[in-house]
Each structure stands twice: as structure tokens, then as C-alpha cells.
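Structure first, commentary second.
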Amino acid sequence: MSTNERHVPVMLRRCLDLLAPALREPAAGGRGPTVVDCTLGLGGHSEALLSEFPDARLIGLDRDPAALELAGERLARFGDRATLVHAVYDELPEVLGRLGVPRVQGVLFDLGVSSMQLDEAERGFAYARDAPLDMRMDQTRGIGAAEVLNTYPPGELVRILRAYGEEKQARRIVAAIVREREKEPFTGSARLVELIREALPQAAKRTGGNPAKRTFQALRIEVNGELAVLERALPAAVAALAVGGRIAVLSYHSLEDRLVKQVLAAGAASTAPPGLPVVPERYQPRLRLLTRGAELPTEEEVAENRRAAPARLRGAERIREEP
């Protein structure tokens, strides 16, 4: 299966429309605009950005070397307009510094797990089939999900399942995990899925799809440090935007979306003390929100691409420099 067939970019047209006003104009000094795809994946959004905006230069980041290789093949026809970098997206300031790019005109985040990671069983992201419990987006570093399950104290596992999976039955599931890991360490996903099914009360199994979904999400976020990385990356991305630059962020669960909402809303708010008759420039908002709340995919898109269903899109424009 080709890269294009494996990967259907989520809310693609809407992302392009949100970024378009910033990417159709030349940057300062008459250079073409620069857009950063912070989550390159298989390159679907990046390919569309380079095609839609022929003067734009793209910088693509991904922590997954396999994704970088496949995206590189997909984007090869654009030559030196595309610069691909092995990096986590909170490393954006360092990447821009190395490339000598002080400001950019567009930033895109697509925070979902890539199609390749879900489709390749050996990565261990999917709960629908048995696979090694890995879940690392970059398999060259860090610890996998099996090590988390087998070594973390029970209290820490409960915290992770509650905080990152919003799992109400966290104590029940963790008690079963601890009992089982004492008999034999976890290695594969099927055993964990079966254990979760057995641990949950009947009422909890009847709602919300596969009962293992929340636990797998929590483990993935922990293994990859996703929320901590996003907490650092979003303010850094806003800071990298030139005035008139735009940011678009696709998130896929409430924890991510809440973070995105907070960062963008803070940038769009005045920081002036209450009661000032005239608000000085240094207190004025730095961002203008481009979406009313979070925009959702259309019913047609979800019918064509079920992985788009949980997507939430937010965008903002940089309207003022830092004080």
C-alpha cells in the first residue's frame, strides 16, 4: 500500500483555509513564507501545504524515524522546499535556531497517532490485535508500555489511567494488572485487553467502545510524554509566529484540546490589570482566535475516514509582538 493510500489527512481543506492568509503573502524581506508541520507523520498535510502554496518553504518535524523516511519519499518532488528534521515538536525553538529561521508564517499540529503507527501491529498502539506492548513513537529512545506496566508502582499506574485515560475504573484495572504481573510480566497487548475486559463491571463494558481504549491511550501518553511535550510546544510555536502568522491545531482527546484551548485563549486575552481606562500596548492580546470553540469534522469526512471522528480543530493568528 502506498503512503498516500495509508494516510488520509484529517480536516485537510479546513486546515489549508485557516493557514492560507498567512502563506499567500511573502515574508519580511520578500522571501517566501515558512510553515512548520510539527507532526509530519506520513506527510499528507505537508504535501498539500507545498502544493497549495507554491512559494512556501516547509519544515517538517517528527520523532519517528520510519515516518520521516516515508514522508521524505512522498515529499521528494518538492526538492529543497521541504526540510525534514528528526525532532519532537517541543524542540521547535532549537530546530528553527539551527536552520537560521527567526520567525515563521504558519504552524500546524496534528496530534493524532499516525496511520502507520496504528496499522503496523509491531508498534503496539492498537488494541484490536495482539502485538508487543511498545507504543513508543520513536523506538530509538525511552521505555515501552510493557516496562511501564511491569515496573511502575500501583499508585502511579492509577494516576496515569485517571489523568491520561480519564478511566473511572482505574483502581480496579490496576489491581488486576498488579496481580497478573506478579505471575508473569506483560509483553503483549492481547493479554492486557483480556485482563481489562475481565476487570470491568458489566455496566462499564456497555459504553464508550472497546473497554481497553482509555487504558491504551493513557499508556501511550505516558510512554511518549505527550501532554508535557505539548505543554512546552504550544507556547513555543506561538512565540515563533511572525505578526500575521497563523497556527492550526488538531487534537483528538479532551486533555489535548483543553491544553490547546488554554494556550490560545491566554494569548487572545488582555493581561491588563482591571479598571484601566485605556489598555496600554504591552497588555493587548497577542493572538486573535480564528475558530469559535473547536471545529469538528463533517459527517461526510467521518464517513470516509473514521479516524477523523474525534478530531477537534482550533486556530489563531498572531496580531502583535511580545511586549
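In this structure, is residue 256 part of a helix (DSSP H, G or I), surrounded by 13 or more Cβ atoms within 10 Å (Cβ to Cβ), in contact (Cβ under 8 Å) with a residue 24 or more places away in the chain and not aromatic (Phe, Trp, Tyr)? When the stated conditions are applied, residue 256 passes them. Checking the structure you have, find out if any residue of the stretch 192-205 is farther than 18 Å from residue 254 by Cα, among the polar types (S, T, N, Q), more than 27 Å from the chain's Cα centre (by Cα) and not in a loop (DSSP other than H, G, I, E, B). Yes: the stretch 192-205 contains one or more residues that are farther than 18 Å from residue 254 by Cα, among the polar types (S, T, N, Q), more than 27 Å from the chain's Cα centre (by Cα) and not in a loop (DSSP other than H, G, I, E, B).
Filtered by the rule that a residue be open to solvent by 40 Å² or more (accessible area, probe 1.4 Å), touching a helix residue (DSSP H, G or I) at 6+ places or on another chain (Cβ under 7 Å) and under 24 Å from residue 135 (Cβ atoms), the stretch 44-65 gives no residues. On the stretch given as the stretch 259-291, residues that are among the small types (Gly, Ala, Ser), in contact (Cβ under 8 Å) with a residue 40 or more places away in the chain and assigned to a loop (DSSP other than H, G, I, E, B) total 1.
Being over 18 Å from residue 217 (Cβ atoms), part of a helix (DSSP H, G or I) and open to solvent by 90 Å² or more (accessible area, probe 1.4 Å) is the filter here, so list the residues in the stretch 163-191 that pass it. Selection gives 179, 182, 183. Take the conditions in contact with a Phe, Trp or Tyr (Cβ under 7 Å, 6 or more places away or on another chain), modelled with pLDDT of 95 or more and among the hydrophobic types (A, V, I, L, M, F, W, C) and apply them to residue 149. Does it pass? Here the answer is yes, as residue 149 does meet what is asked. For the criterion of being of a type in the set (Lys, Arg) and farther than 19 Å from residue 222 by Cα, residue 136 fails.
Taking residues in the stretch 223-249 that are more than 13 Å from residue 264 (Cα to Cα) and open to solvent by 30 Å² or more (accessible area, probe 1.4 Å), and partners anywhere that are at pLDDT 95 or above and not in a helix (DSSP H, G or I), the pairs with Cβ atoms closer than 6 Å and at least 6 places apart or on different chains are 243/318.
Restricted to the stretch 136-162, and to residues there that are open to solvent by 40 Å² or more (accessible area, probe 1.4 Å) and not in a loop (DSSP other than H, G, I, E, B), the residue that is nearest to residue 186 (Cα to Cα) is 150. Checking the stated criteria, residue 268 turns out not to satisfy the condition of being more than 23 Å from the chain's Cα centre (by Cα), surrounded by 13 or more Cβ atoms within 10 Å (Cβ to Cβ) and aliphatic (A, V, I, L, M). Filtering the stretch 81-105 to residues that are charged (D, E, K, R) and part of a helix (DSSP H, G or I) leaves 81, 90, 91, 94, 98. Scanning the stretch 46-80 for residues that are on the phi > 0 side of the Ramachandran plot and either assigned to a strand (DSSP E or B) or hydroxyl-bearing (Ser, Thr, Tyr) (or both) yields a total of 0. Hey, does the stretch 24-43 have a residue that's assigned to a helix (DSSP H, G or I), touching a residue at least 24 places away in the same chain (Cβ under 8 Å) and open to solvent by less than 10 Å² (accessible area, probe 1.4 Å)? No, that holds for no residue.
Scanning the stretch 81-121 for residues that are over 29 Å from residue 310 (Cα atoms) and at pLDDT below 95 yields a single hit, 102.
The values are calculated or read from the model by the stated rules, or taken from the named source; none is laboratory data. Predicted, not measured: the structure shown is a model, and the values here were computed from it. Neighbour counts are summed over all protein chains in view; Cβ atoms, including those assigned to glycine, are modelled from backbone coordinates with ideal geometry. Note: areas computed on protein heavy atoms with side chains; ligands, DNA, RNA excluded. Shrake-Rupley method; radii C 1.70, N 1.55, O 1.52, S 1.80 Å.
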